[in-house]
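Contents: one structure, followed by commentary.
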Ligand code: ADP
Ligand code: DP6
Ligand code: CO
């Protein structure tokens with residue numbers, strides 16, 4: 001085969017994750033080291049997810065990326081950090097059938113083309129950077145024959161977007177903030193796998209696909225620079241919540257899970273609170289990332305059905321309205337209806 005006639009590619013799919021104890025604030029902007037631990041739930045694959053194909057060929061002259069069909073710049077520090085970290089860990093690759101051989105040294109010179117697609121709104125507060133950067137790291141690592149384990153890959157994904165380190169694992173995941181200045185111990189660990197608490201149903205109410213006005217990166221930077229309260233949150237509030245949340249997950253204790261997730265989220269849905277009060281014990285937890293879209297977690301499938309009924313009644317999906325989809329943890333109930 002002529003030297004420039006081959007293309008080697010890998011495609012991967014990664015679900016997003018929704019934090020129930022949030023990461024908000026960095027102690028190191030370059031390495032993306034957080035000021036507190038965080039805990040999230042990774043959604044089932046296929047619903048809110050990123051699909052990324054990465055390819056190398058001797059014919060490619062530049063690294064390039066297309067996001068949702070449009071070429072975007074790869075020059076940002078984060079993409080470059082991820083590419084550098086993966087390239088430096090590439091190992092020899094050989095496909096005898098196709099006559100392709102790439103040594104560790106040659107990987108450094110080969111340019112990569114990346115095509116990525118999110119099946120949910122990008123930069124709208126539904127953690128596209130988590131699914132996106134985790135998928136990028138995972139697919140590049142597969143392509144370049146990187147032999148690191150998930151924990152080490154999570155530390156690389158973290159350098160692309162903090163929340164991305166948690167999407168390397170399914171189920172319930174903790175991002176340990178770590179102590180080291182070089183970030184080597186700031187990694188994600190799985191607290192419980194996806195089968196552990198099978199009853200939980202996550203419903204995402206997409207009320208707006210518009211790009212949020214403040215990116216997570218700059219929002220948390222402003223908070224760290226201007227808020228006195230954030231120090232108290234990171235040092236006193238979150239460590240206690242993390243312990244309680246870990247215990248709630250281990251025991252599948254929904255009332256505690258709901259209380260903690262709602263307390264850690266930055267907005268209040270009076271409807272959910274009223275319902276939980278009315279029932280006397282929590283039925284549903286809500287949590288928001290940095291945007292208007294709501295994530296609702298119901299304690300079981302029966303409650304999820306009741307919740308959907310209420311949502312559909314109160315906010316019927318309309319083609320001309322912003323609210324156009326309800327996505328449920330393991331089934332897409334309604335998408336772009338109307
Ligand atoms: P979100 O709430 O969606 O995570 P952020 O402001 O944290 O919003 O991050 C949005 C940014 O993440 C995008 O502008 C883009 O740079 C990056 N991103 C999102 N999806 C992908 C993807 N599939 N591949 C690569 N980068 C992505
Ligand atoms: C509210 O991971 O998007 O979703 O690290 O700057 O890319 P960068 O920010 P990002 O922040 C996520 C913030 C959050 C809470 C969370 O996911 O823990
Ligand atoms: Co994000």
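The values are calculated or read from the model by the stated rules, or taken from the named source; none is laboratory data. Small disclaimer: the values here were computed from a predicted structure and weren't measured. Note: ideal-geometry Cβ built from the backbone for every residue, glycine included; neighbour counts use all protein chains shown.
Observations on the structure shown:
- So residue 230, is it within 15 Å of ligand 1 (Cβ to nearest atom) and either in contact with a helix residue (DSSP H, G or I) (Cβ under 6 Å, 6 or more places away or on another chain) or at pLDDT below 95 (or both): no
- Residue within segment 50-72 that is in a helix (DSSP H, G or I) and in contact with a helix residue (DSSP H, G or I) (Cβ under 8 Å, 6 or more places away or on another chain) present: no
- Qualifying residues in segment 32-69 (those that are surrounded by fewer than 18 Cβ atoms within 10 Å (Cβ to Cβ) and under 30 Å from residue 185 (Cβ atoms)) - the one modelled with the highest pLDDT: 63
- The residues on offer are 157, 127, and the sole one that is within 19 Å of residue 40 (Cα to Cα) and modelled with pLDDT under 95 is 127.
- Segment 120-150: number of residues that are away from ligand 2 (no atom under 16 Å from the Cβ) and within 14 Å of residue 18 (Cα to Cα): 0
- Every pair of residues 6+ apart whose Cβ atoms lie under 8 Å, when the first sits in segment 215-230 and is under 19 Å from residue 264 (Cβ atoms) while the second is modelled with pLDDT of 85 or more and more than 8 Å from ligand 2 (Cβ to nearest atom): 220/25; 223/25; 224/25; 224/35; 230/25; 230/35; 230/224
- Counted residues, segment 161-191 - those being within 16 Å of ligand 1 (Cβ to nearest atom) and farther than 16 Å from residue 15 by Cα: 1
- Those strands (runs of 3 or more DSSP E) of segment 92-199 in which at least 2 residues are within 16 Å of ligand 3 (Cβ to nearest atom) and crowded, with 17+ Cβ neighbours inside 10 Å, considering only elements entirely within it, cover 112-118, 172-175.
- Condition check for residue 153: within 14 Å of ligand 2 (Cβ to nearest atom) and free of Cβ contacts under 8 Å to residues at least 60 places away in the same chain: no
- Pair list, Cβ < 6 Å and 6+ apart or interchain, from segment 298-312 residues that are without any contact (Cβ under 8 Å) to a residue 40 or more places away in the chain to residues that are surrounded by fewer than 19 Cβ atoms within 10 Å (Cβ to Cβ): none
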